[in-house]
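This report refers to the structure that appears directly beneath it.
The values are calculated or read from the model by the stated rules, or taken from the named source; none is laboratory data. Since the structure is predicted, the reported quantities are computational estimates derived from the model, not experimental observations. Note that each Cβ is placed from the backbone with ideal geometry, even for glycine, and that neighbours are counted across all protein chains shown.
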Amino acid sequence: MNPSPPELHLRYPELAATLPHLPLGRRPTPLTRLAVPGRGNRLWCKDDSGFGDGGWGGNKVRKLEWILPDVTARGARRILTVGALGTNWGLATTRYARTLGVDTELALVDQPMDEHVRAQLARIHAAGATVHRTRTKARTIAAAPWLFARHPMSYYLPAGGSTPLGTVGYVEAALELAAQVRRREMPEPAAVVTAVGSGGTAAGLVLGMRLAGMRTRVVAVVVNDTLPLAARNLLGLARRTERLLRDRGARLGPVDLAPGSLLVTRRWLGPGYGHRTAEADAAIGIAAAAGLTLDPVYTAKAFAAALALDRHPMFGDAPIVFVDTHGPRAG
Ligand SMILES: *Cc1c(COP(=O)(O)O)cnc(C)c1O
């Protein structure tokens, strides 16, 4: 499917043997200019919504490309992970792990119920996940020993797959964007804007931009109020990911993860995870006119932030890249 190796292996050939990659989608993902009414027609989209050939796409599939080889290398036959009822992470994990003969067990906490969540939960069941509705975080933690006792050989993954290995997926995405800039598909962007649910996407982008020698800043739009997602948490995850790459033998040179490389905002969160906001609803309409289909939980809030940044003078006239992380596929 992908005859070409990932950018990470091209840049650091020493990782090819020590950090295995399982190609699950078509690279590079498209980079397109968005026609939205704005300041200078300077919003672009890095479209990861089409990433993943196994029936569900988006940002979680990029993480699984680096996580699943570790699951199989350890001989695990079952993944145990957590999320909310509409979890894109749980669905992507169930679908892609299954192709390797690995089962997925999900402990799910409640989130505001609507059509979007109901449809997602139906997909999760149809994909063959074993679902435990633990309802709250406290009950999930209380149930953990029992869940592990049932299947002691399970491979545990935190919400959103935001381990250092999962975060490598967005280091790769940033290197991919840098290669697109080198090929002059677009000028170097001032910022990339992403939704933040568990942090791996934003942390990986920050580290990847630094490794690629880009000055592009990451604007992290927090949409989840149930996890610690301040700048220090995200930069901490970026540093743990840097350490993973060094431990696997990558000759990285100095990496400057200065706080200025990352802007974290909670301005678009609204009342909390999965709660709709008027700005996000308006963003869905504006995006639809530009041919983009957004989801209400993540990408609508991030796109609302991108629209506001486009109106704001802080980045001058330089381009801004919105990362479309949501990936419903047919079937
Ligand atoms: C999980 C998710 C995100 C957030 O990514 P994290 O790496 O968990 O911060 C953004 N958009 C969508 C559609 C997601 O499912």
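Worth pointing out:
- When we screen T93, T104 for residues that are β-branched (V, I, T), farther than 18 Å from L294 by Cα, surrounded by 22 or more Cβ atoms within 10 Å (Cβ to Cβ) and more than 16 Å from the chain's Cα centre (by Cα), the only hit is T104.
- Residue check, G58 on the phi > 0 side of the Ramachandran plot and within 15 Å of the ligand (Cβ to nearest atom): yes
- Segment 141-169: number of residues that are within 16 Å of the ligand (Cβ to nearest atom) and surrounded by fewer than 21 Cβ atoms within 10 Å (Cβ to Cβ): 1
- Test: residue in segment 107-125 that is within 16 Å of the ligand (Cβ to nearest atom) and closer than 14 Å to L64 by Cβ: no
- Positions within segment 298-319 being under 19 Å from R266 (Cβ atoms) and either in contact with a helix residue (DSSP H, G or I) (Cβ under 7 Å, 6 or more places away or on another chain) or free of Cβ contacts under 8 Å to residues at least 60 places away in the same chain (or both), in sequence order: A300, K301, F303, A304, L307, A308, L309, H312, M314
- When residues of segment 295-313 are limited to those that are touching a strand residue (DSSP E or B) at 6+ places or on another chain (Cβ under 7 Å) and not acidic (D, E), the one nearest to the ligand (Cβ to nearest atom): Y298
- Check on T81, buried (at least 24 other Cβ atoms within 10 Å of the Cβ), among the polar types (S, T, N, Q) and either assigned to a helix (DSSP H, G or I) or within 15 Å of the ligand (Cβ to nearest atom) (or both): yes
- Of the residues contained in segment 261-277, one or more are found to be more than 16 Å from the ligand (Cβ to nearest atom) and more than 27 Å from V109 (Cβ to Cβ).
- Out of G316, G291, G249, one residue alone is at positive phi, in contact with a Phe, Trp or Tyr (Cβ under 9 Å, 6 or more places away or on another chain) and more than 16 Å from the ligand (Cβ to nearest atom). It is G249.
- Boolean, P23 is under 17 Å from Y96 (Cβ atoms) and outside any loop (DSSP other than H, G, I, E, B): no
- K46 meets each of the listed conditions (1) in a loop (DSSP other than H, G, I, E, B); (2) surrounded by 23 or more Cβ atoms within 10 Å (Cβ to Cβ); (3) assigned by TED's automatic domain parsing to the domain that holds D317 apart from (1).
- Among the residues of segment 185-199, some residue qualifies, meaning at least one is out of contact with any helix residue (DSSP H, G or I) (no Cβ under 8 Å at 6 or more places or on another chain) and either surrounded by fewer than 22 Cβ atoms within 10 Å (Cβ to Cβ) or assigned to a loop (DSSP other than H, G, I, E, B) (or both).
- Filter pass, A143 being without any contact (Cβ under 8 Å) to a residue 40 or more places away in the chain, over 30 Å from L245 (Cβ atoms), assigned to a helix (DSSP H, G or I) and touching a Ser or Thr at 6+ places or on another chain (Cβ under 6 Å): yes
- The strands (runs of 3 or more DSSP E) located wholly in segment 211-324 that include 1 or more residues which are out of contact with any Cys (no Cβ under 6 Å at 6 or more places or on another chain) and surrounded by 23 or more Cβ atoms within 10 Å (Cβ to Cβ) occupy 217-222, 320-324.
- Scanning segment 125-175 for residues that are out of contact with any strand residue (DSSP E or B) (no Cβ under 7 Å at 6 or more places or on another chain) and of a type in the set (K, R) yields a total of 2.
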